[in-house]
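See below for the structure under consideration.
The values are calculated or read from the model by the stated rules, or taken from the named source; none is laboratory data. Since this is a predicted model, take the numbers as computed values, not measurements. Reconstructed Cβ throughout: ideal geometry from the backbone, glycine too, with neighbour counts over all protein chains shown.
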Amino acid sequence: MPDIWHVENVKINKEGRKNKIMEKIKEKMTVASADGKVTFYLKKRPDVYLYDCLHLDVIDDVEELRLDIPGMTTLLLSEEHVFPNVRKIYIGKEIQNIMIYNKTFPNVREVESDSNVFCSGSMLVRNENFGMSKTLLNTFCLKSDETADLNGIADIVGSAFYGCECTKAINTEQVKHMSAYAFRDSAFADAKKNPPVDGLLMAGSIIIAADPQADKYVIPDFATLCNSLKFNLSATLVVENITVSAHILYLSGKIEEVHGLPETVVINDSAGIDELSILNIVNRPGNLRHIIFGEKNTEYVAIDDIVYTKDMKKLLCCVKSKTGNVEIPSGVECIANDAFYHCKEIDSVKMPDSITEIGNFVFGDCKNLKQIIFSKNLKKMGTGCFIACEGLEAVDIPGSLNVIPRDAFRNNENLKSVILHEGLQSIKQMAFFEIGSLLKIKSLRLPKTVKHLGANSLKGIPYIEILANKFPEGMVDAIVTTSPVYNDIYNDIGILQVKTPDSLYFLPPAMTKANISHLEDDICLSGPDVLLSSYKYALTWDAKIDIAFAIYEEHKTAETAQYLAKNAKKIAKKAMETNDLEMLTKLLEYDVFSKKSIRFIYDLISDDDNEKMVTTKAYALEKMQKIANKNNFSL
């Protein structure tokens, strides 16, 4: 090998052995063992006197491999390295990392370790968490008559059993996690050598694989861990112990590859079943279409693939592949959290009037849901109940519901119509909020009973009608944004309008957080008429002018008249630049400008043959003459 320094038969005692080697260190070197039978090819790491062994030469009569070269911390061998005569590996104190294939040392049956990283035993095992747990790295190549003893093993890495011929494993119940490839190319994963039982290949209490040809699978009661299984999707999975089955299927979902359940699951457990176990099965990604409860079960029933308690008072969950229209039977009183979450193909849901409560995220991510008919007696709705229901266009929320919760209809990008009724008291934070775009709801009527609005709850709705004269608490923070992308928002929404029985108010769609808080306090102290000067809080001059125009046109306040008069020349210049003659005409109609300002407007209008230009200029001249006549009359 080029650039390799070969040190022949270096004899090193324990004392000072590092010094004798380190004196002759090069970037790459070969170090021979004391007896000259093993040659280590080392590569120096940058900036440190530490070495990785990337190649070995071992003569045939060597039965014990000693990994104790000073400065060598890593053994990393490729698959072509095979040393069948080695029976024992000694791991020195400095070794921190070993990456080898089982077939590199197929007949090793003893590992002696003085390293705090590795354990002594019959297999290569790494200490984890300061010795609190152990990870199996290599079993080497156990023969068919041998047994894999996993005593103390908590984790198994990929290919740990690669090439093993044994099919018996003990103490497997101690394993808590494994790679999806832990038993790859081993006899355990070979159905001919390890025949499936009830459709499943086992290694002790670990479910290794599913027979793809089976038409029925039964998870045994003694199972403690499950690989990610590729079922025959048209088969049936029978669950005799749902607590065990749900737990190990949940654990298998944490493994690298996640595959779906068969189309049909039969739960035949007669013992007490907790709801979480059912949810762990129903909510698992995949192909599940039908869920059936056997005769032994006395707690639950499935109707049209929706699970209810036996007394039909609680709806627990629905299979994710459910399609079409859902009509919940009369008598059901509540719907559990997440019951229809991610049911992307249901079109509509009709609730009976017996329902009084629906939980959190019940219809979340039901992207195709187009219609929901609520119970007239609904009293409680959970957080995010209809979040991300992209197909929902209209909702009529009954007056029996006092509170619309946080995120209830968040990210319903096509929601256009919302009807609220007397009895509603509060709409919580971001209830109708849309991330990244504006709501399509153009107007909303708030009943007299509404007393509180959460931050961002009605963000982007341009017209709000309040049936009470008093604003609900949090009104401004509910509809006005603090987004810095103000111009885009203003162009899309324009001026926000809030209508009460006695008045119409205008607000900018975006304000600073401090000004929102300031306005909220002022409204609380002095009433909504403080909004007659809301133009001051707009973030751009254009928005201030537009809102001032709207306020003056509706209320004719002296303050807005003064503000418009002060900005008359600037407004006129902008109107001419944008050819907005309607704005100029409106300016002149308000009778708030001096003769000097009108003269400026008159001179600004070009002597164009354009009919609108001529008309506007003539109107300006008429206004100047009226002011002159008025002044003469006063004299």
Of all residues making up the stretch 201-232, the number that are in contact (Cβ under 8 Å) with a residue 24 or more places away in the chain and outside any loop (DSSP other than H, G, I, E, B): 9
Mind counting the residues in the stretch 503-551 that are of a type in the set (Ser, Thr, Tyr), surrounded by 22 or more Cβ atoms within 10 Å (Cβ to Cβ) and assigned to a helix (DSSP H, G or I)? 3
Those residues of the stretch 141-166 which are crowded, with 22+ Cβ neighbours inside 10 Å, over 14 Å from Gly121 (Cβ atoms) and in contact with a helix residue (DSSP H, G or I) (Cβ under 7 Å, 6 or more places away or on another chain), in sequence order: Cys141, Phe161, Cys164
Boolean, Ile4 is modelled with pLDDT under 95, over 30 Å from Ser144 (Cβ atoms) and buried (at least 18 other Cβ atoms within 10 Å of the Cβ): no
Can you pull out the residues in the stretch 447-472 that are more than 32 Å from the chain's Cα centre (by Cα), in a strand (DSSP E or B) and closer than 16 Å to Ala431 by Cβ? Ile464
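Report those strands (runs of 3 or more DSSP E) wholly inside the stretch 100-170 carrying at least 2 residues which are over 38 Å from the mean Cα position of the chain (by Cα).
Of the strands (runs of 3 or more DSSP E) lying wholly inside the stretch 100-170, those with at least 2 residues that are over 38 Å from the mean Cα position of the chain (by Cα) span 110-113, 147-149, 168-170.
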Are there any pairs with C-beta distances below 7 angstrom linking a residue in the stretch 233-257 that is over 15 Å from Pro220 (Cα atoms) to a residue that is of a type in the set (Phe, Trp, Tyr) and at pLDDT 75 or above, with the two at least 6 apart or on different chains, and if so which? Ala235/Tyr217
Residue by residue through the stretch 411-454, note down the ones that are within 24 Å of Glu390 (Cβ to Cβ), buried (at least 19 other Cβ atoms within 10 Å of the Cβ) and in contact with a helix residue (DSSP H, G or I) (Cβ under 8 Å, 6 or more places away or on another chain). Ile427, Gly454
Take Arg184 and decide whether it is touching a strand residue (DSSP E or B) at 6+ places or on another chain (Cβ under 6 Å), of a type outside the set (Gly, Ala, Ser) and within 24 Å of Leu75 (Cβ to Cβ). no
Residue tally, condition surrounded by fewer than 20 Cβ atoms within 10 Å (Cβ to Cβ) and either small (Gly, Ala, Ser) or in contact with a helix residue (DSSP H, G or I) (Cβ under 7 Å, 6 or more places away or on another chain) (or both), over the stretch 167-188: 2
Subset of the stretch 133-175 [touching a strand residue (DSSP E or B) at 6+ places or on another chain (Cβ under 7 Å) and small (Gly, Ala, Ser)]: Ser133, Ala148, Gly152, Ala154, Ala160, Ala169
Being surrounded by 13 or more Cβ atoms within 10 Å (Cβ to Cβ), touching a strand residue (DSSP E or B) at 6+ places or on another chain (Cβ under 6 Å), more than 20 Å from Ile156 (Cα to Cα) and touching a residue at least 12 places away in the same chain (Cβ under 8 Å) narrows it down to one of Leu56, Leu76, Leu65, so name that one. Leu65
Could you list, in sequence order, the residues of the stretch 60-94 that are within 41 Å of the chain's Cα centre (by Cα) and in a loop (DSSP other than H, G, I, E, B)? Leu77, Ser78, Glu79
Determine whether the stretch 118-140 contains at least one residue that is in contact with a His (Cβ under 7 Å, 6 or more places away or on another chain) and either buried (at least 16 other Cβ atoms within 10 Å of the Cβ) or modelled with pLDDT of 95 or more (or both). no
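Can you tell me how many residues within the stretch 203-237 are of a type in the set (Val, Ile, Thr), at pLDDT 90 or above and farther than 20 Å from Cys164 by Cβ?
Counting residues in the stretch 203-237 that are of a type in the set (Val, Ile, Thr), at pLDDT 90 or above and farther than 20 Å from Cys164 by Cβ gives 2.
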